[in-house]
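Please treat every number below as a calculation from the coordinates, not as lab data. Nothing here was measured: the structure is a model prediction, and the numbers come from that model. Cβ placement follows ideal geometry from the backbone for every residue including glycine, while neighbour counts extend to all protein chains displayed.
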Amino acid sequence: MSQSVQPAVSSGEQVANIRRGGMTSFDQSKTRLAWALLTPTLLLIAFIAIYPLLQTIYQSFTDARLASGVTPKFVGLRNYQDLAQDVTFRTSIWTTVKFTAITVVFEFFLGLIIALVINSNFKGRGLMRTAMLVPWAIPTVVSAQMWKWMYNDIYGPINDFLVRKVQILDSPVAFIAQPSTSLWAVAAVDIWKTTPFVALLLLAGLQVIPEDVYEAAEIDGANGWQRFVQITMPLLRPAILVTLIFRTLDALRVFDVIFVMFGSRPDTQTMSIYAQNNIVAFSDLGYGSAISVAIFAIIAVFVIAYVTFLKVEES
Amino acid sequence: MTGEQRPTTETTRRQLISDLASGRLSRRDFMMRAAALGLSASAIGAFLAACGGGATATTGTGSGASTAPSTAPSTGASTAPSTGASTAPSTGASAAPSAAATRAATASTAPGSATAGTGAGATATRAGTATATARSSGGAYQYTLQSPPPVPNAAQAKQYSGAKLTYYADATGIGNQLDVALAQKFTQDTGIAVNVVGKPASATETYSTYQRFFQAQSADVDVMMIDVIWPAAFAPNLLDLNAKLGDQAKKAIPSIITNNTVDGKLVGFPFFGDFGMLYYRKDLLQKYSVAVPKTWDELDAAAKKIVEGEKGSNPNLQGFVFQGNAYEGLTCNALEWIASSGGGSLLDGKNVTFNNPQAIAILNKAKGWVGTSAPKGVTSYQEDETAQAFTGGNAVFVRNWPYMYQLAQEAAATKDKFDVAPLPVTGTNPPVGTVGGWQLGVSKYSKAPDAAVEFVRYMTSEEISKFRAVNGTYVPLYQSVADDPDVQKNQPFLKNLSSVQRVVRPSNALGANYNQGSTIMFQAFNAILNGQDAQAQLQAAQGQLARLVR
């Protein structure tokens, strides 16, 4: 803060203050006010974010169990040693990463197409923008249950449509029962639900691109594709990165849609479901906390990768 | 007290939604949970309150007067609007909240139009059917929802008059109405106030709610409904009922008492039961002159024959539908397959026994059903989907719990066209059914344990067991009550199933690790049904379980 003030300083007294490493009294009071205003927020964040995180890390070194009436003992790294051997957890990481890759890729490309269409001028654009958000507005638990019924092999409309109406299939396919299709089936639900959100973020990015850039390009004789590649994509880059960060982190933590559609089926069990299962269903607070810490670390890797990438982009 | 209003509104909403289906169904019914959660998501604060538990209805005397204003609308809502209740389970989840909202509006415009006890005779349809049955039995049984039986232990219980209890009970449907009516009667006769609070619709959520109470050693709950597989896990937090209810326990079905006894402590008293049974379409069996199957092979053959014959008229018809998803219900199904084939009951004490030739044989057979006599999707089915297939007229044979009897009787496609039999067996083994159902327990952290035990004594007595069996379809856990003609009239399936051996899941041997053990097992069973090798899966599961019990 003092650096930004420095060039403006002219009087000898103030220069002396800065040389002593201090600030002007005006700056000092501003700083104090800033801290005073920030303190409640920082305390709240410490209470609702940092305290639970530290508590989780602490519990991951104990054998705490829910409602057992026994005082937890410190067990050192045992939970983490178990976790390193845990095949189920490894499978769940792989499942989560696959789910993330599928959904983020599809959501991004579909969302981009929708954003471009909606950004163009046509009649009823306002209505389209609103209608587009319907899947995003439905609570996930409800839409997951709805899709579970639609996928059903006996009375589900999807099979009815494919078998009887368009006759692509000879017999109904149990999309959510077969391990070969289950992950794709739930990914499709997530894509259906979240693409509008991606489209909205990208649309916001598209709307800040000034019109005159396109006009200039048009005068220079650039065709539609050239304008898209040379102008739209580079100027949309910040919005794209934010969108991808949002979606990747969300997808890595996915819980509700899969939990409703599959419960704790081994072939679709994600990291979050495995952690929840251990803590709630198995009462194993210690081990569940260790899993949570591992998830935290895995997601942190993705965040660091993205942020580093962003920094490289900026410079 | 200021916070009272929110939980009440929220619980009422949940109650309304859930009222659309039967109370017994909703416990397992994921749709119900979806509807409830979907609604809750729009009011997160209220949802959190509901998790912690809210007041559904307060049946207090003088001392509870301050909560009285919120009582009238909420009880009124639970009993008043009855139209269309039975059609709801088949409509979409998205439709449910709006239906609930409409009903909430109806209820709030006419508060007190029907409060439990004053008895305007307006009960939900499901309850209506049940009470109608009771009445048609020619006045032989006089107690109805409006006039529950008196409290036999009133004299003894009066010494605790003025105590206040919180009872975690059914939140929905007839179960809730019975609980509210009985609690009111208990208060009237003893002066002990009972606050009936609806537990979450799904068993898994109820489990974690109790866990939080116990973790905090909270006195906010005194009496609670406990699933048959929970006594061992919750035993450290529950009161030993042996001293006061030990004599009464001798009259109940012994296998349940054994199940509820942990280290010599009776931690839960049997409330009502459940067991697996085979539903079949008697019209179709007759049409193809097929006898009711006694063995799994007969079932398989009969299913294939009927499905083949009906191909022209109903290409969607399925032979045999059961609960094959990877969840607790599959553990119940697989236990029945294995126990009825002489393969034991999963664990024998601390020994893991399910990896044996009989079990491998029947599991391989079950794998063969999937995609032939059973639909391919069965490996993702829970009770909900099973019931939909049957009541929609799309299944010949179904394995399900007693609650489906009433649903099937109300559905146009199955009304009077079905019957119930014991589940098939392999060879000459006796037929079995996995035990489900609920117990009443008293929290160790209760501030009024004596009053709470008296309440449990009343709620689980033979009189009330019969009252609940006749006024709802709750399976009694006293043999004397099960043999009662009034009860058999309302639950005709009890007679067909008197020969069935009731097998319990190994919740006592696994104790607090039961959920983990069951997960290992149902994940293995599900993998087998999905095509994996039975022997390899059982071998692996046995190893994991052995580590858990040692």
Restricting to aspartates and glutamates and to Cα separations under 15 Å from B:Lys164, and discarding same-chain partners fewer than 8 apart, the set is B:Asp189, B:Asp220, B:Asp222, B:Asp450, B:Glu454
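Using Stokes-Einstein with the Kirkwood hydrodynamic radius over Cα pairs, what translational diffusion coefficient do you get for the range B:271-370 at 37 °C and a viscosity of 0.692 mPa s, in µm²/s rounded to a whole number?
Details: Rh = 15.3 Å.
Here the translational diffusion coefficient equals 215 µm²/s.
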The alpha-carbon center of the range A:83-100 and that of the range B:303-320 are separated, in whole Å, by 41 Å
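Ranked by Cβ crowding within 10 angstrom, fewest neighbours first, how are A:Arg32, B:Arg468 ordered? Show your work: numbers first, answer last.
Details: A:Arg32 10, B:Arg468 25.
By the 10 Å Cβ count, ascending, the order reads A:Arg32, B:Arg468.
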Log10 I(q)/I(0) at q = 0.11, 0.12, 0.14, 0.16 Å⁻¹ for chain A, from Debye over equal alpha-carbon scatterers, is -0.96, -1.05, -1.19, -1.30
Partner shielding of A:140-151, taken as the mean number of other chain Cβ atoms within 10 Å, equals 6
Here the membrane-span-like helices of chain A, with no claim about any membrane, defined by DSSP H, Cα axial extent at least 15 Å and mean Kyte-Doolittle at least 1.6, are A:285-314
Looking only at aspartates and glutamates whose Cα falls under 17 Å of B:Lys466's and that sit 8 or more positions away or on another chain, we get B:Asp179, B:Asp274, B:Asp483, B:Asp484, B:Asp486
Excluding residues fewer than 8 positions from B:Lys417 in its own chain, the aspartates and glutamates with Cα under 17 Å of it are B:Asp283, B:Glu310
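Under a Cβ-Cβ cut-off of 11 Å, what is the net charge of the residues other than B:Val425 that fall near it, where Lys and Arg count +1 and Asp and Glu count -1? Could the numbers behind the result be given before it?
Working: positive: B:Lys294; negative: B:Asp297, B:Glu298, B:Glu336.
Charge balance in the 11 Å sphere: -2.
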When A:Tyr214, B:Tyr141, A:Tyr274 are ranked with the fewest other C-beta atoms within 10 Å first, the list becomes A:Tyr214, B:Tyr141, A:Tyr274
Among A:Lys148/B:Lys185; B:Lys294/B:Lys376; B:Lys282/B:Lys489; B:Lys294/B:Lys489; B:Lys250/B:Lys444; B:Lys350/B:Lys444, the pairs whose Cα-Cα distance exceeds 31 Å are A:Lys148/B:Lys185
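Compute, for the range B:315-419, the length of the dipole vector about the Cα centre, with Cβ point charges of +1 (Lys, Arg) and -1 (Asp, Glu) only. Units Debye, rounded to 20.
On the way: 7 positive and 9 negative charges, 73 e Å.
Here the size comes out at about 360 debye.
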Sorted on mean Cβ neighbours within 10 Å (highest first), peptides B:340-348, B:213-221, A:280-288 come out as A:280-288, B:340-348, B:213-221
